[in-house]
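Below is one structure, written out as structure tokens, with a few remarks after it.
The values are calculated or read from the model by the stated rules, or taken from the named source; none is laboratory data. Computed from a predicted structure; not experimentally measured. Here the Cβ positions follow ideal geometry from the backbone for every residue, glycine too, while neighbour counts run over all protein chains shown. For the accessible areas, the whole protein counts, side chains as well, though only heavy atoms, and no ligand, DNA or RNA atoms are used. Shrake-Rupley method; radii C 1.70, N 1.55, O 1.52, S 1.80 Å.
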Amino acid sequence: MDLEIRHLRLVAAVADCGSLTRAGDRLHLTQSALSHQLRDIESRLGAALFLRVGKRLVLTPAGERLLVSARDVLDRLDRTEDEIRQMGKDRAGILRITTECYTCYHWLPPLLVHYRKRFPRVEVRIDVGATGRPLDRLLAGKIDLAIMSSPVNDRRLVSRPVFDDELVFVAAPHHPFAKQTHVRLSEMRDQTLYVYPPKEESRVLQEVLLPSGHVPARIEEVTLTESIAELVKAGHGVSVLARWAVQPLLEAGTLVARPLTAHGLHREWRAVLPKDLARADYIGEFIDLLVKHAPTARASRKPA
């Protein structure tokens, strides 16, 4: 595109004022600077936009055509700027979020109830489709905030800690794992392991089991936590889940949870967002609510 907003403002000013001097006063430019810019515009377009008739500059047919578009564009731009400024005054807008794990969506609804009371004019949009690639979507400007446990090293982004959790092996109460204090990696070779799809993104599989050489006998992909829990309860296999995600089942005794190795496997969840949004109050308060309502160490460390 050859033309810029400043060029459109120039054409409109000259058309309204009829001379470069008066148009320059309106735009706070010298007559010389304005004359230079006008020649630049005409050179880019390959057509004269004004003719001098006496002491006035009048539009050519090409200039009239450009003026119509210029007024339309400038009018829309002015209205958009006004609307955005008003949104800022009213604390209104759109907040697009995602998480790096489908399970995390389970504790968002109560949080949103509190947030809407504080910011009734901010529309929160949850982008489930970005769950598998939150970092890419953040950098592309498609979402505003991602709840992530993967490390992020990009100067364009900032992050705030939200909560820590533990990934544990879950099994049926009659499973041999239930009699142990923890699960050894070597014991996974004879097991059926249920993971969220795609298995290529399973942290426990890709970062723990495969590198150690202890590959489960069978790996099954299951989308929903509830479905995984039912399969495990029935004794069809085991899974590795966040302790807090199955805490009610652990308390009911329908599942047992054991740490992965004697040290366990822990994650730190962080709210990640572009630097430009870090000072926005409606985002800062959303993160504060994340910290307040997210699963806590108190809930995730209860014994099975």
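A few notes on this one:
- One residue alone among A146, A171, A70 is within 22 Å of L205 (Cα to Cα) and in contact with a helix residue (DSSP H, G or I) (Cβ under 9 Å, 6 or more places away or on another chain), and that residue is A171.
- The stretch 169-182, subset at pLDDT 95 or above and aliphatic (A, V, I, L, M), residue surrounded by the most Cβ atoms within 10 Å (Cβ to Cβ): V170
- Conditions (1) in contact with a strand residue (DSSP E or B) (Cβ under 6 Å, 6 or more places away or on another chain); (2) closer than 18 Å to T98 by Cβ: number failed by A245: (1)
- For the stretch 113-128, a residue qualifies if it is under 19 Å from the mean Cα position of the chain (by Cα), of a type in the set (A, V, I, L, M) and open to solvent by 40 Å² or more (accessible area, probe 1.4 Å), and the qualifying residues are I126, V128.
- Filtered residues of the stretch 1-15 (kept if exposed (fewer than 15 other Cβ atoms within 10 Å of the Cβ) and either touching a residue at least 60 places away in the same chain (Cβ under 8 Å) or polar (S, T, N, Q) (or both)): I5
- Hits in the stretch 145-163 - residues which are under 30 Å from P216 (Cα atoms), surrounded by fewer than 16 Cβ atoms within 10 Å (Cβ to Cβ) and touching an Asp or Glu at 6+ places or on another chain (Cβ under 8 Å): S150
- Among the candidates E285, E230, residue that is surrounded by fewer than 18 Cβ atoms within 10 Å (Cβ to Cβ) and under 23 Å from V152 (Cβ atoms): E285
- Verdict on Y194 being closer than 24 Å to G129 by Cα and touching a Gly at 6+ places or on another chain (Cβ under 6 Å): yes
- Residues that are assigned to a strand (DSSP E or B) and surrounded by fewer than 16 Cβ atoms within 10 Å (Cβ to Cβ) within the stretch 16-61 comprise L51, R52, V53, R56, V58, listed in sequence order.
- Qualifying position, being modelled with pLDDT of 90 or more and closer than 30 Å to R156 by Cβ, among L250, L290, L210, L255: L290
- The residue pairs whose first member lies in the stretch 284-295 and is within 11 Å of I147 (Cβ to Cβ), whose second member is hydroxyl-bearing (S, T, Y), and whose beta carbons are closer than 9 Å, counting only pairs six or more residues apart or on different chains, are F286/Y115.
- Residue satisfying condition, being among the small types (G, A, S) and under 26 Å from the mean Cα position of the chain (by Cα), within set A234, A245, A252: A245
- Qualifying positions in the stretch 65-85 - exposed (fewer than 13 other Cβ atoms within 10 Å of the Cβ) and without any contact (Cβ under 8 Å) to a residue 12 or more places away in the chain: V68, D72, D75, R76, D78, R79, T80, E81, D82, E83, I84, R85
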